[in-house]
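Take a look at the structure set out below.
The values are calculated or read from the model by the stated rules, or taken from the named source; none is laboratory data. The structure presented is a predicted model; accordingly, all values stated were derived computationally and were not measured. Note: ideal-geometry Cβ built from the backbone for every residue, glycine included; neighbour counts use all protein chains shown.
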């Protein structure tokens, strides 16, 4: 694959090296020459100095024949504009942008861009690790869907998975046990110390906490 | 009208000052706190201290009822994102984006600022005209500088002197608007004959300025 990466920070340089080691053609763009030092000696792709939404530079980077494009600078706006140029002007098939601001991430996903944003995910993970004793949630950036981890003890031991599932709101998708991971069916019985992984609607979180006494 | 101006550098500040004098309702969004305080002291407008690229800051500035949003910060990517947010998220009817680097003008028009204003290019163009030819004066530009009214003094050497207007092959998208001859203003018709010393007022696309000039004055 021919991949263009804008931003040679920690994520960009790591990604560039991964792809380059697998034999893909990689072009990395960054505004700062020193950023390319992060690529190390083994990197055999191209580096271009400049702005990630400079159309002439993107042309030079081979944007009209690229298969994929990632914008991972530390500037949300630069990433959003670069990604739109890649998608709308150069028609690159796979385009991704990293966005820190959850609001902008949400708006631009709704507008059809493929946004990767860790802010909400990390914040909610930290919060749950601090506050919650028996579950943690991984909120997906759309704010609709989350993944829950629930620790089974006392009140949940011996219940069937179908007693835990709530139609339209929560479904248990996997159980982590001491002896491995299982994908449960409705009749699976919960054991002490199981960790349930469940897909959940974010608006139902409070109701679920109340229902299971978490 | 209710306008939001994002960025209160020189451009944003003078824009706010002028528009507030015209009785428009203005709110200004600026990242620098000391600039915010200075403007709030001087002008009677709403000043919001914050990052105009963040939707919640724009909401604070009242974007839901704004008629126009002008993004005039010094960063092109910020201006473009502000215009897009205004349009796509808040349905603002008209967005004006300042283009700092002329290389970015195309991306502005492709990615959705209604009216990109390329100050650098406009100033460069004015200076270029001032230094290049004296008998060709750009009176006014419209449509983001794409269309212009120009004035040309016909020199004795002009190839169209003593010709009828209908025999002149004007470049595409150019029209003769009027001819000033001494005290007289003539609206050109097909049979009007052009004389040396006539002042020609013409409307033209900027791209056709040079062929128009070559036609009226002869090759420079």
Exactly one of A:81, A:116 is more than 10 Å from chain B (Cβ to nearest Cβ) and either within 20 Å of residue A:24 (Cβ to Cβ) or in contact with a strand residue (DSSP E or B) (Cβ under 9 Å, 6 or more places away or on another chain) (or both), and that one is A:116
Go through the stretch A:88-98 and give me each residue that's more than 10 Å from chain B (Cβ to nearest Cβ) and over 11 Å from residue A:67 (Cα atoms).
A:96, A:97, A:98
Determine, yes or no, whether residue B:195 is in contact with a helix residue (DSSP H, G or I) (Cβ under 8 Å, 6 or more places away or on another chain), outside any strand (DSSP E or B) and without any contact (Cβ under 8 Å) to a residue 60 or more places away in the chain.
no
Filter result for residue A:76 (within 14 Å of chain B (Cβ to nearest Cβ) and more than 19 Å from residue A:11 (Cα to Cα))
no
The conditions are (1) within 22 Å of the chain's Cα centre (by Cα); (2) in contact (Cβ under 8 Å) with a residue 24 or more places away in the chain; (3) more than 14 Å from chain B (Cβ to nearest Cβ), and residue A:105 fails exactly one of them. Which is it?
(3)
Tally time: how many residues in the stretch A:119-134 are in a helix (DSSP H, G or I), more than 14 Å from chain B (Cβ to nearest Cβ) and surrounded by fewer than 17 Cβ atoms within 10 Å (Cβ to Cβ)?
8
Hey, could you check the stretch B:61-77 for residues that are part of a loop (DSSP other than H, G, I, E, B) and in contact (Cβ under 8 Å) with a residue 60 or more places away in the chain and say which is farthest from the other protein chains (Cβ to nearest Cβ)?
B:67
Taking the stretch B:26-57 and keeping only residues that are within 13 Å of chain A (Cβ to nearest Cβ), crowded, with 24+ Cβ neighbours inside 10 Å and farther than 15 Å from residue B:96 by Cβ, one is left with B:53
Among the residues listed as B:80, B:58, the single one being in contact (Cβ under 8 Å) with a residue 12 or more places away in the chain, in contact with a helix residue (DSSP H, G or I) (Cβ under 6 Å, 6 or more places away or on another chain) and in a helix (DSSP H, G or I)
B:80
When the stretch B:132-161 is checked residue by residue, the ones that are under 20 Å from the mean Cα position of the chain (by Cα) and at pLDDT below 70 are B:136, B:143, B:144, B:145
Those residues of the stretch B:101-114 which are more than 8 Å from chain A (Cβ to nearest Cβ), crowded, with 16+ Cβ neighbours inside 10 Å and on the phi < 0 side of the Ramachandran plot, in sequence order:
B:105, B:108, B:113, B:114
Restricting the search to the stretch B:78-100, which residues are more than 13 Å from chain A (Cβ to nearest Cβ) and either under 20 Å from the mean Cα position of the chain (by Cα) or closer than 22 Å to residue A:85 by Cα (or both)?
B:93, B:94, B:95, B:96, B:98
